[in-house]
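As structure tokens, the structure follows; a few thoughts come after it.
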Amino acid sequence: MTDLAEPLPGVAAAPRTSAPRGYALYLVAASLFALNGTVAKTVMANGVDVWRLSQLRATGAFVVLLAFVALVNRRALRVRRGEIPLLAVYGVLGVAATQALYFLSITRLAIGVSLLIEFTSPLVIALWFRFGLRHPTKPAVWVGLAMASAGLAIVAEVWDGFTLDPLGFAAALGAMLALVLYFLSADAQVRGPYRRDPISLTMWGMGAAALFWAVADPWWSYPWSTLGGTALVEGTGAVAWPIPLLVGYVVVLGTVVPFSFAVLSMRHLRASQASVVGMTEPIIATGIAWVLLGETFSPVQLAGAVLVLGGILLAERNR
């Protein structure tokens, strides 16, 4: 690693931005992430540990991206010393924590419920802009915050004594806070003084996450036998899918492609705008989980979900 005086190749000048392009990129990412929830839940239900799946996801994605960057932009493999702390935050807290806590939450909650909690992150980002960066805040933001909080209470059916699994709820809440760090640290890397390109940023984030997991769960103790066999997905006509194939989806189409698209979109969108587009993920994921896993919302919970999403949208449009 070197401490370079010049910007990384290909990212010296601020790129031309296009909001429609940014929204389209993030919509594709959200759709792939949405399907990934159902695939990952199926894999974990068939014996693959939450933490080990997170390790496979981060490490596999890092290897794929490392090979790609080495071929097309080798100089982007260099890291300046000033980038290291932010890359560590982005990789360990933004990437590894978001992935692992989300996986843990969906083992105990419906995928749609987990994502509703996680995607209240735009409200926390709005609060950060207000109290951390001292940006002015319109009254509508506070109305949106109240709506989202009330909606989550309805989804949790608090009048029946909070029906959600406590550990699953705590994991989803932790994933939400980690997602805030993911958005803000990625935004700072792409737009900050180093102007790190999106693909190598995603690669180094996955690399930091992979290093974290290698220390937390050494590879020599990996239970490789859990990757054998097949997994049944109810909504696919009881087709037995090879677990390695499903893990491959989690790594490539559930991680490499959508993470790259999400970070690439932030060349065109601010963190707050990108997080709003991400609201489509709970909607898409709920539909997929309903078709493939049979997960449903009650009518009351569905009303609460609409209130959550409406509150987030109101807050972000008026931030």
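Readers should treat all values here as calculations from the given coordinates under stated rules, not as data from a laboratory. Bear in mind that the values here come from a model prediction, so they are computed numbers and not experimental data. Neighbour counts are summed over all protein chains in view; Cβ atoms, including those assigned to glycine, are modelled from backbone coordinates with ideal geometry.
Can you give the FRET efficiency to the nearest 0.05 for Ala303 and Asp49, using r as the Cβ-Cβ distance and R₀ = 25 Å? Write out the running numbers ahead of the final one.
Values: r = 36 Å, r/R0 = 1.43.
That gives a FRET efficiency of 0.10.
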query: What are the residues whose amide H is under 5 Å from the amide H of Thr230, where those residues sit 5 or more places off or on another chain and H is modelled from the backbone?
result: Ile243
field: Cα gyration tensor, the stretch 198-259 - rounded (a/c under 1.5), prolate or oblate
entry: oblate
- prompt: Classify the chain: rounded, prolate or oblate, from the alpha-carbon gyration tensor (a ≥ b ≥ c, eigenvalue square roots; a/c under 1.5 rounded; otherwise prolate if a/b is larger than b/c)?
  reply: oblate
- prompt: Taking the Cα centre of each part, how many Å lie between the stretch 179-246 and the stretch 45-71?
  reply: 4 Å
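With n ≥ 4 as the cut-off for DSSP H runs, can you work out [θ] at 222 nm for the chain, using -39500 (n - 2.57) per run divided by the number of residues, rounded to the nearest 500?
Working: 14 runs with 200 residues, N = 319.
Helices in the chain give a 222 nm mean residue ellipticity of -20500 deg cm²/dmol.
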task: Collect residues whose amide H, placed 1.01 Å from N in the peptide plane, falls under 5 Å from the amide H of Leu269; neighbours closer than 5 in sequence don't count.
output: none
- prompt: Taking R0 as 30 Å, what's the FRET efficiency between Arg81 and Trp128 from their Cβ-Cβ distance, rounded to 0.05?
  reply: 0.70
- prompt: According to a simple spin-label model (label point 7 Å from Cα along Cα-to-Cβ), what is the distance in nm between Asp217 and Val143?
  reply: 4.6 nm
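Quick check on the exposure proxy: order Met203, Met279, Met176 from fewest to most C-beta atoms within 10 angstrom.
Numbers: Met203 28, Met279 21, Met176 24.
Fewest-to-most Cβ neighbours within 10 Å comes out as Met279, Met176, Met203.
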message: Within 14 Å, Cβ to Cβ, of Leu109, how many net charges do the neighbouring residues add up to if Lys/Arg are +1 and Asp/Glu are -1?
response: -2
Vicinal HN-Hα couplings computed from phi for the stretch 219-231 (Karplus, 6.51 cos²θ - 1.76 cosθ + 1.60; Hz; Gly/Pro x): 5, 5, 9, 5, x, 4, 4, 6, 8, x, x, 10, 9
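I'd like the FRET efficiency for Val72 and Val158, computed as 1/(1 + (r/R0)^6) with the beta carbon distance as r and R0 of 41 Å, rounded to 0.05.
On the way: r = 51 Å, r/R0 = 1.25.
So the FRET efficiency works out to roughly 0.20.
Using a cut-off of 12 Å between beta-carbons, work out the net charge of the residues near Val48 (Lys and Arg +1, Asp and Glu -1, Val48 not included). Walk me through the intermediate numbers first.
Numbers: positive: Lys41, Arg52, Arg57; negative: Asp49.
Around Val48, the surrounding residues sum to +2.
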message: Amide H of Val79 versus every other amide H placed in the peptide plane: which residues, excluding those fewer than 5 positions away on the same chain, fall under 5 Å?
response: Thr2
query: How much net charge surrounds Tyr222 when only the other residues with a Cβ under 12 Å from the Cβ of Tyr222 are counted, with Lys and Arg +1 and Asp and Glu -1?
result: -1
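Can you list the DSSP H helices in the chain whose Cα atoms extend at least 18 Å along the helix axis and whose mean Kyte-Doolittle hydropathy is -0.5 or higher?
The answer, listed by residue number, is 19-45, 50-72, 139-155, 166-191, 198-216, 280-293, 299-317.
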